[in-house]
1. Looking at region 44-53, can you tell me whether even one residue there is loosely packed, with under 10 Cβ neighbours inside 10 Å and either at pLDDT 90 or above or part of a helix (DSSP H, G or I) (or both)?
2. Could you say whether any residue in region 9-27 is assigned to a loop (DSSP other than H, G, I, E, B) and exposed (fewer than 10 other Cβ atoms within 10 Å of the Cβ)?
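The values are calculated or read from the model by the stated rules, or taken from the named source; none is laboratory data. Source: prediction; values computed, not measured. Neighbour counts are summed over all protein chains in view; Cβ atoms, including those assigned to glycine, are modelled from backbone coordinates with ideal geometry.
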Amino acid sequence: MQVAARATKHAGGLYRTLFAAVLRPLRAVEEEAHHLREVEQAGESGETPFVAILGLILFLLPIFAVMLGAAFAAYYLSR
């Protein structure tokens with residue numbers, strides 16, 4: 001029983017380290033996105049319109065890709 005508990009604790013530590021290493025770049029991107037959002041809301045930069053437009057494009061791009069994929073799938077399946 002002691003061996004299983006130690007193995008579980010060791011594996012948990014390894015996974016925690018791995019996930020922390022994998023999530024570190026994602027957190028950096030998330031922090032930058034929050035910063036850009038704050039700059040956009042405050043309007044304190046000349047690039048504010050570009051940040052807003054980029055945010056809109058990045059929001060609509062996945063929706064467009066899914067709809068385009070669904071349209072092509074429907075076309076392919078109807079043939």
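1. no
2. Filtering region 9-27 for residues assigned to a loop (DSSP other than H, G, I, E, B) gives none.
No: zero hits.
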